[in-house]
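Q: Please see the structure below; I have some questions.
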Amino acid sequence: MLAVCSHSPAAVSGELDPASPVIADLVATGGYNQQLCVTAQLILANSDGDDFEIIVDRARGSRFNMEQMATDPDGKQVTVAALVQKVEVDGQAMEAAVSCKMIHRDRINDLFGLELGGPPRSCRNVNEFTYRAALAVLSEDERQAFESIGKALRFADDKIMGAGAQWLPSVVNDFIQPGQDVDGSQYISIQAPSVKVPWDYEDGDWFQGVQSCKLVSVDAMHRWMTMAALWTEAEMFPRVTPLCTEPSSRSSVAGSCILYFGPSGATFCQDFSGRGWTPESAAADCAQRYATQAEWEASEGSYIGGGGAYSPQSCAERDALAELRGEPVLLADSANRGTCVWRCNDADEALWHVMSPIRETGGRSMKDSCELFLQPYW
């Protein structure tokens, strides 16, 4: 769901101000988290909001699917992908974490002819901004109670993930840890899972020049400051996605798709295993993929392709390996031969069976990059 940014947080000396009336109003009216990826993009680019337009591609449900970041040099527009995850706290749904796929400042400067400078920005800077925004709306009594007896929040440098495929299944709760100073005072350390892909100035592709963050919401920080920080054994919030130990199905409910995924440089067969898929929605999803490496290389850097090879049968039933015989595709090496589970147990769960060697693993196996990695093959 695309939406044009409707606000530009107030800036002071070229930097966003977490105590500005605009930010305070967003916190008070419950709009801060929905706009956090816009704010994060401006912080990472060191922009005051007047340099380019931001469009938000909002994910529906609890995980990303096809939502992606993008740049439009002609319109001077940046598209950011946003996912707001909710948990039940105190008997009510609370927005707890926000994931943002954004564009790195190098790519913005290059494509838009800008000279945005300043020090490098990280997801930690965004979490610290949200912390100051939450602190700014506390009453004097709330602030004094938090600062005198509450368990402090501290922010660690980003946890840099090896690739987008490794960042996607990461869960923000796993990077929120208790700590203790030498004097015995306790605190909570927040680290943001992040992925950065350098921009190729010669022939940059759609997945390059990317900076993505998994962030803590202002609601979670405000609740911590006013309530949970005063409890001895409190946690910030429950895990935003359950631990995946087994997919809802090891086959398909709505067919399969053979596709080539450019960022991995590999061919996969996708089983549509989630209960929410229908043959129609599965075929539509497959129609946005790339069928072959040649089609990917001939494209103009778009995430959306001309269509994979859809079948109403599962990958095993259609004998996907046999379909690829005669094609310039080698079987995956033994370390990566298996199945990645995405959006585990959600209605749009998907199984990606690895059909060819992964181009870039950085020394990691597929097991390190999936929400759950299954062997044997299928």
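Q: If you go through the range 292-310, how many residues are buried (at least 19 other Cβ atoms within 10 Å of the Cβ), at pLDDT 90 or above and hydrophobic (A, V, I, L, M, F, W, C)?
A: 0
Q: Related question: Based on what the data block shows, is Gln186 surrounded by fewer than 18 Cβ atoms within 10 Å (Cβ to Cβ) and not assigned by TED's automatic domain parsing to the domain that holds Ser311? So that I can check it myself, show each step before the final result.
A: Numbers: surrounded by fewer than 18 Cβ atoms within 10 Å (Cβ to Cβ): yes; not assigned by TED's automatic domain parsing to the domain that holds Ser311: yes.
Yes; evaluated as a whole, the condition is true for this residue.
Residues checked against (1) in contact (Cβ under 8 Å) with a residue 60 or more places away in the chain; (2) among the small types (Gly, Ala, Ser):
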site: Ser217; (1), (2): yes, yes
site: Arg223; (1), (2): yes, no
site: Met227; (1), (2): no, no
site: Cys244; (1), (2): yes, no
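Q: Considering only the range 248-284, state which residues are surrounded by fewer than 22 Cβ atoms within 10 Å (Cβ to Cβ), in the same structural domain as Cys344 (by TED's automatic domain parsing) and of a type in the set (D, E, K, R).
A: Arg275, Glu280
Q: When only residues in the range 325-357 that are more than 20 Å from the chain's Cα centre (by Cα) and modelled with pLDDT of 70 or more count, which is nearest to Thr278 (Cα to Cα)? Please lay out each step first, then the result.
A: Initial filter on the range 325-357 (more than 20 Å from the chain's Cα centre (by Cα)): 325-339, 353-357.
Restricting the remaining residues to those that are modelled with pLDDT of 70 or more gives 337-339, 353-357.
Working: Arg337: 27, Gly338: 25, Thr339: 21, His353: 20, Val354: 23, Met355: 24, Ser356: 27, Pro357: 30 Å.
In this case the residue turns out to be His353.
Q: Condition test on Ser273, is it touching a residue at least 12 places away in the same chain (Cβ under 8 Å), in contact with a strand residue (DSSP E or B) (Cβ under 9 Å, 6 or more places away or on another chain), of a type in the set (Ser, Thr, Tyr) and assigned to a loop (DSSP other than H, G, I, E, B)?
A: yes
To keep it simple, each residue is scored yes or no on (1) in contact with a Pro (Cβ under 6 Å, 6 or more places away or on another chain); (2) within 26 Å of Tyr201 (Cα to Cα); (3) surrounded by fewer than 19 Cβ atoms within 10 Å (Cβ to Cβ); (4) assigned by TED's automatic domain parsing to the domain that holds Pro21.
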position	(1), (2), (3), (4)
Glu95	no, no, no, yes
Cys100	no, yes, no, yes
Asn109	no, yes, yes, yes
Leu114	no, yes, yes, yes
Asn127	no, no, no, yes
Thr130	no, no, no, yes
Leu138	no, no, yes, yes
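The values are calculated or read from the model by the stated rules, or taken from the named source; none is laboratory data. This one's a predicted model, so the numbers in the text were calculated from it and none came from an experiment. Heads up, the Cβs are rebuilt from the backbone with ideal geometry, glycines too, and the neighbour counts pull from every protein chain shown.
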